[in-house]
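Peer 1: I have a structure here, written as structure tokens, and I will follow up with some questions on it.
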Amino acid sequence: QVQLVESGGGLVQAGGSLRLSCSASGRTFSNSAMGWFRQAPGKEREFVAATLNGRVTSYADSVKGRFTISRDNAKNTVYLQMNVLRPEDTAVYYCAADDYYRNVVNMSPRYWGRGTQVTVSS
């Protein structure tokens, strides 16, 4: 059974940083796509970032230059380094994975985590 477990969320002041981690179990995703999504209260879930192999990456325009996605295949883990956080980044952040990169970028990945809350105070 595949599981994605996020960690690293919390409360931070605007301008601060957080690093989210997503640890996968049940299969290896070293040759697959992994990504991050978020959903703020009252809003639809949106794409944040994705990576295929650590070199191929995509970012939402709203986070470009502030967030960095990376992965450690040996640990079957993907990370999201979030810098210069803003109140509008407040959301539940979800990890996702799929064998196909396009499925992650197009918001239809096969596997989802349960999410971790990120709250940015002004």
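The values are calculated or read from the model by the stated rules, or taken from the named source; none is laboratory data. This is a predicted model, so every value here is computed, not measured. Quick reminder, even Gly has a Cβ in these numbers, built from the backbone with ideal geometry, and neighbours come from all protein chains shown. The protein model used for the area step is the full one, side chains on, heavy atoms only, and it has no ligands, DNA or RNA in it. Shrake-Rupley method; radii C 1.70, N 1.55, O 1.52, S 1.80 Å.
Peer 1: Kindly check whether there is at least one residue in segment 19-36 that is small (Gly, Ala, Ser) and over 22 Å from PRO109 (Cα atoms).
Peer 2: No, segment 19-36 has no match at all.
Peer 1: Now a separate question. Regarding SER21, is this residue under 19 Å from VAL120 (Cβ atoms), in a loop (DSSP other than H, G, I, E, B) and either of a type in the set (Ser, Thr, Tyr) or open to solvent by 50 Å² or more (accessible area, probe 1.4 Å) (or both)?
Peer 2: Working: under 19 Å from VAL120 (Cβ atoms): yes; in a loop (DSSP other than H, G, I, E, B): no; either of a type in the set (Ser, Thr, Tyr) or open to solvent by 50 Å² or more (accessible area, probe 1.4 Å) (or both): yes.
When the stated conditions are applied, SER21 does not pass them.
Peer 1: If you take the residues of segment 93-108 that are in contact with an Asp or Glu (Cβ under 9 Å, 6 or more places away or on another chain) and aliphatic (A, V, I, L, M), which of them is surrounded by the fewest Cβ atoms within 10 Å (Cβ to Cβ)?
Peer 2: The residue in question is MET107.
Peer 1: Only residues in segment 84-110 that are within 29 Å of GLN13 (Cα to Cα) count as the first member; pair them with residues that are in a helix (DSSP H, G or I), Cβ under 8 angstrom, at least 6 apart or cross-chain, and list the lot.
Peer 2: Every condition considered, the pairs that remain are ALA96/VAL104.
Yes/no per residue for (1) open to solvent by less than 60 Å² (accessible area, probe 1.4 Å); (2) in contact with a strand residue (DSSP E or B) (Cβ under 7 Å, 6 or more places away or on another chain); (3) modelled with pLDDT of 95 or more:
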position: SER30; (1), (2), (3): yes, no, no
position: PHE37; (1), (2), (3): yes, yes, yes
position: ALA40; (1), (2), (3): yes, yes, yes
position: ARG45; (1), (2), (3): no, yes, yes
position: ALA50; (1), (2), (3): yes, yes, yes
position: SER58; (1), (2), (3): yes, yes, yes
position: ASP61; (1), (2), (3): no, no, yes
position: PHE67; (1), (2), (3): yes, yes, yes
position: SER70; (1), (2), (3): yes, yes, yes
